[in-house]
Amino acid sequence: MKTTITKFLILTLLSLVFISCSSAKKYKAENTTLKSEIQKRDSLKTVIINQAIDDKLITPVVQSNTGNRELDSLVNAKVDEILSKLNTSKDSGDNSYKLIYDKLAKQLEFYSKMAQTKNENSTTKTSNDKTIIQIKKIPVVTEKPLSKLEKFLIGLGILTLLFLGYKTVVFIKNKTSLC
């Protein structure tokens with residue numbers, strides 16, 4: 001009796017091993033790396049504006065006074081002649097200058113006009129930012145509903161186990177009642 005029960009248990013365990021479910025599903029982890037490069041440009045413009053300049057310079061010319069009237073008049077006449085030849089002017093756009101000798105006032109006059117100036121300076125700063133993002137993806141297994149064939153086989157397996165259990169109980173009762 002013990003040998004039949006032992007044989008039956010071994011047969012049941014072996015059948016469970018061969019028809020049992022498969023092992024646990026293994027998941028594959030995927031690593032995804034995202035790389036992005038961002039370029040930033042920053043511009044700085046500096047403008048310096050110098051205002052227009054109007055300048056006037058008057059220099060008096062000192063008359064010769066040596067005590068000798070003839071010599072003084074000759075020297076003063078020659079100085080007036082030389083300085084009169086210096087009268088000049090020039091214009092260029094908004095810039096101009098003028099040099100005049102005024103015989104009546106006995107003075108040398110210099111006029112200058114300079115237009116406003118602009119000094120522009122621009123600098124550009126470029127920076128590259130690199131971003132690396134690593135994402136770990138673990139796929140999720142979704143369970144499909146059982147097909148009709150699978151449901152039928154599961155039901156057949158349950159009925160088989162119930163039938164074998166019933167036969168085992170009947171077999172054990174028959175063996176114990178005969179002794």
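The values are calculated or read from the model by the stated rules, or taken from the named source; none is laboratory data. Computed from a predicted structure; not experimentally measured. When we count neighbours, we look across all protein chains shown, and the Cβ atoms used for this are built from the backbone with ideal geometry, even at glycine.
Observations on the model:
- Each residue in segment 137-179 was checked for being aliphatic (A, V, I, L, M), modelled with pLDDT under 85 and surrounded by 10 or more Cβ atoms within 10 Å (Cβ to Cβ), and 1 of them qualify.
- All positions within segment 102-132 that are free of Cβ contacts under 8 Å to residues at least 24 places away in the same chain and either among the charged types (D, E, K, R) or in a strand (DSSP E or B) (or both): Asp102, Lys103
- Test result for Ala24, under 60 Å from the mean Cα position of the chain (by Cα), closer than 30 Å to Gly165 by Cβ, modelled with pLDDT under 80 and of a type outside the set (Lys, Arg): yes
- Residue in segment 96-113 that is closer than 30 Å to Thr46 by Cβ, out of contact with any Cys (no Cβ under 7 Å at 6 or more places or on another chain), in the same structural domain as Asp54 (by TED's automatic domain parsing) and of a type outside the set (Ser, Thr, Tyr) present: yes
- Residue, surrounded by the most Cβ atoms within 10 Å (Cβ to Cβ), within segment 41-82, restricted to residues that are in a loop (DSSP other than H, G, I, E, B) and out of contact with any Asp or Glu (no Cβ under 9 Å at 6 or more places or on another chain): Asn68
- Failed condition for Leu9, given (1) at pLDDT 80 or above; (2) part of a helix (DSSP H, G or I): (1)
- Residue check for Gly93: surrounded by fewer than 15 Cβ atoms within 10 Å (Cβ to Cβ) and in contact (Cβ under 8 Å) with a residue 12 or more places away in the chain: yes
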